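The values are calculated or read from the model by the stated rules, or taken from the named source; none is laboratory data. All values reported here derive from a predicted model rather than from experimental measurement. Every residue, glycine as well, gets a Cβ built from its backbone with ideal geometry; the counts of neighbours run over all protein chains shown.
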């Protein structure tokens, strides 16, 4: 897994993924949200994943087994699948990751892992929708094991994120979620979708946002042309991503920059975002992983990677749960 050939494959893949965020191609027609069904309150039972009674029994597969070493209760996390939207008779679902010791009447903050391109694009690249990809099932379990609820979701079109957030907030009570304490996590090509969503007015319920080696949008829209050009032939998101007009000053941001990131325009966009954000008094923390590569949380595990993941979890808990 640490071989140079594998790294080249990963870097090629992530470079391709980066291009899948925005393009000028035809945009899907938005379908009005159907009436929201009465949600079924979650039954906090053990996850369907195998529950080991000894070391010989299997556990869920994680992208990096070191995570399970730090959080041994990851395999006990409760995972439930909920339909949040129906489009053309197709149900779109989200996975809800609950802490293993959560009480039935408890409400907790939630972290949404934002996806900026479609399930069909993800299947071509990694073989599955991103919500089922091992990077995100690992992060979902890790986040829940640290005491927060994590959400991942299927997506077919750009406004699925809005529909998913609307459903979650409307049904927060039955989902045991604090509707006014929600955070975002995104990385790589998913960055522009998360930035665009988070920076819109009227979203005070968003209490923090995390960006790992992410392509960042800025008010002057620098690098947007390059992003569009990279994916013009791939049919990915673009025109429906709202440009950031004003950076929110009430939203704490954590930006993690990988010093050895080779994906085009990522570090350049982060540096430009910082140059715009810093004079604007935006609450932003920039952390450098000097030796980190793109997707360092899944490749070339190191003590520094572990430190940054711990810092990320603490950042989310502090801003969402008031620790």
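General remarks:
- In region 151-207, residue farthest from the chain's Cα centre (by Cα) [restricted to those that are in contact (Cβ under 8 Å) with a residue 60 or more places away in the chain and on the phi > 0 side of the Ramachandran plot]: 176
- Test for residue 147: is it surrounded by 24 or more Cβ atoms within 10 Å (Cβ to Cβ) and in contact with a helix residue (DSSP H, G or I) (Cβ under 9 Å, 6 or more places away or on another chain): no
- Residue count, region 278-323 (criterion: more than 19 Å from the chain's Cα centre (by Cα), under 25 Å from residue 179 (Cα atoms) and either surrounded by 13 or more Cβ atoms within 10 Å (Cβ to Cβ) or modelled with pLDDT of 90 or more (or both)): 2
- Among the conditions (1) closer than 27 Å to residue 317 by Cα; (2) surrounded by 21 or more Cβ atoms within 10 Å (Cβ to Cβ); (3) modelled with pLDDT of 90 or more, residue 116 misses just one, which is (3).
- Residue in region 93-105 that is nearest to the chain's Cα centre (by Cα), counting only those that are closer than 12 Å to residue 148 by Cβ and part of a loop (DSSP other than H, G, I, E, B): 99
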